[in-house]
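Some notes on the structure that comes next.
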Amino acid sequence: MDATRTPLGLRLALGALDYPIPARANRLDFMLGALTLVSLVSLAVTGIVLTQFYNPTPLGAHESVRYVITNVPLTALLRDLHVWSASAALILVFAHLVAVFWRRGFRNPREGLWWSGVLLLALLFGLAFTGTVLRADQEAVEALAHAIAGAAFAGPLGAPFRPDFTVASPLITRLYGLHVSVLPLALVALLALHLWLIRHLGVSASGAAPAPFRTHLGPLAGFAFLLVAAVAAVALAWPRGCSPRAWRGTKSRSRSGPSSGSTRRRTCSA
């Protein structure tokens, strides 16, 4: 029996999934955007858990990360999934943009789709940067020092990213707010616009026989399962540690060793 004709299918409007798409869209290179969405869902789920353990204060940030890594193995695994899902999302969205550019999918009337995708990549870089800073280790403080220098160069536009912007809230707390609220909300809004444009402008795969969108879901589910399995395998094989606690005005002397995350033993220096 057709699932769209069942009582549940009628109430969930599953028939709306029967709109036509080009048959070519069932290839992997047309699924990179959807796989990016899978990575973003993984980021959201693991991130919600991690917020329950993170202390966004100058003195407590590094210690809370260290506590998770050394004392809460399951949450430490979720942290590894979060880190590697972020890497997967960046790689996939960049590959998606390259594929769209190669197919000339940025031409009229798809300019809005193209630029919303470019802005999504920029937001992901912003999330990656703020997530790196939240570790509050030596690598994070060095990255933050470059950002503060850039904020000073930007003048008034960079004022919110300077430590002296307000004495009421430390910079790391404000960056935490960006990471868990402002940037995700902007990402969801931009993603909703992107998906709405795809639904109304269609997939840029002209010259192919049409097929119902439902035929796209089976292959997509298979690739999504492989993506999640690959990210989980990498997270288990290469758990991420953290560098020593950040000290203002110092440089990390070595990028090697357990704190670089290059070994399979998860460590975190005090």
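Selection of the stretch 159-176 for residues being closer than 15 Å to N55 by Cβ and exposed (fewer than 14 other Cβ atoms within 10 Å of the Cβ) yields only S169. Residues that are within 22 Å of L191 (Cβ to Cβ) and not in a helix (DSSP H, G or I) occur in the stretch 109-122; there is at least one.
For L74, the conditions (1) free of Cβ contacts under 8 Å to residues at least 40 places away in the same chain; (2) in contact with a Lys or Arg (Cβ under 9 Å, 6 or more places away or on another chain) all hold with the exception of (2). Annotation: of all residues in the stretch 22-46 being out of contact with any Gly (no Cβ under 9 Å at 6 or more places or on another chain) and among the small types (G, A, S), the one that is nearest to V180 (Cα to Cα) is A44. Here V98 passes the criteria (1) without any contact (Cβ under 8 Å) to a residue 24 or more places away in the chain; (2) not in a helix (DSSP H, G or I) except the one numbered (2). Would it be correct to say that A230 is closer than 22 Å to G15 by Cα, exposed (fewer than 15 other Cβ atoms within 10 Å of the Cβ) and under 21 Å from the mean Cα position of the chain (by Cα)? No: the conditions fail for A230. Could you tell me which residue of the stretch 209-223 is farthest from A99 (Cα to Cα), considering only residues that are surrounded by 15 or more Cβ atoms within 10 Å (Cβ to Cβ) and among the aliphatic types (A, V, I, L, M)? Selected residue: A211.
In the stretch 164-270, counting only helices (runs of 4 or more DSSP H) that sit wholly within it, none holds 3 or more residues that are among the hydrophobic types (A, V, I, L, M, F, W, C) and modelled with pLDDT under 90. Mind checking whether some residue in the stretch 192-200 is of a type in the set (G, A, S) and in contact with a Leu (Cβ under 8 Å, 6 or more places away or on another chain)? For the stretch 192-200, residues of a type in the set (G, A, S) and in contact with a Leu (Cβ under 8 Å, 6 or more places away or on another chain): absent.
In the set A3, A16, A25, A44, only one residue is exposed (fewer than 12 other Cβ atoms within 10 Å of the Cβ), aliphatic (A, V, I, L, M) and either at pLDDT 90 or above or out of contact with any strand residue (DSSP E or B) (no Cβ under 6 Å at 6 or more places or on another chain) (or both); that residue is A16.
Return only the number of the condition from (1) surrounded by 16 or more Cβ atoms within 10 Å (Cβ to Cβ); (2) in a helix (DSSP H, G or I); (3) in contact with a Ser or Thr (Cβ under 7 Å, 6 or more places away or on another chain); (4) of a type outside the set (A, V, I, L, M) that P56 does not satisfy. Unmet for P56, out of (1) surrounded by 16 or more Cβ atoms within 10 Å (Cβ to Cβ); (2) in a helix (DSSP H, G or I); (3) in contact with a Ser or Thr (Cβ under 7 Å, 6 or more places away or on another chain); (4) of a type outside the set (A, V, I, L, M): (2).
Residues that are closer than 30 Å to L35 by Cα and in contact with an Asp or Glu (Cβ under 9 Å, 6 or more places away or on another chain) do not occur anywhere in the stretch 117-126.
The condition of being over 15 Å from the mean Cα position of the chain (by Cα), within 22 Å of V45 (Cα to Cα) and touching a residue at least 24 places away in the same chain (Cβ under 8 Å) does not hold for T215.
Would you call A235 farther than 30 Å from G9 by Cβ and either over 19 Å from the mean Cα position of the chain (by Cα) or touching a residue at least 40 places away in the same chain (Cβ under 8 Å) (or both)? So A235 passes the test. Within the stretch 1-40, the set of residues being under 22 Å from A192 (Cα atoms), among the aliphatic types (A, V, I, L, M) and not in a helix (DSSP H, G or I) comprises L12, A13, I21, M31.
The values are calculated or read from the model by the stated rules, or taken from the named source; none is laboratory data. Fair warning: this is a prediction, and the values are worked out from it, not measured in the lab. Note that we place each Cβ from the backbone using ideal geometry, even for glycine, and neighbour counts take in every protein chain shown.
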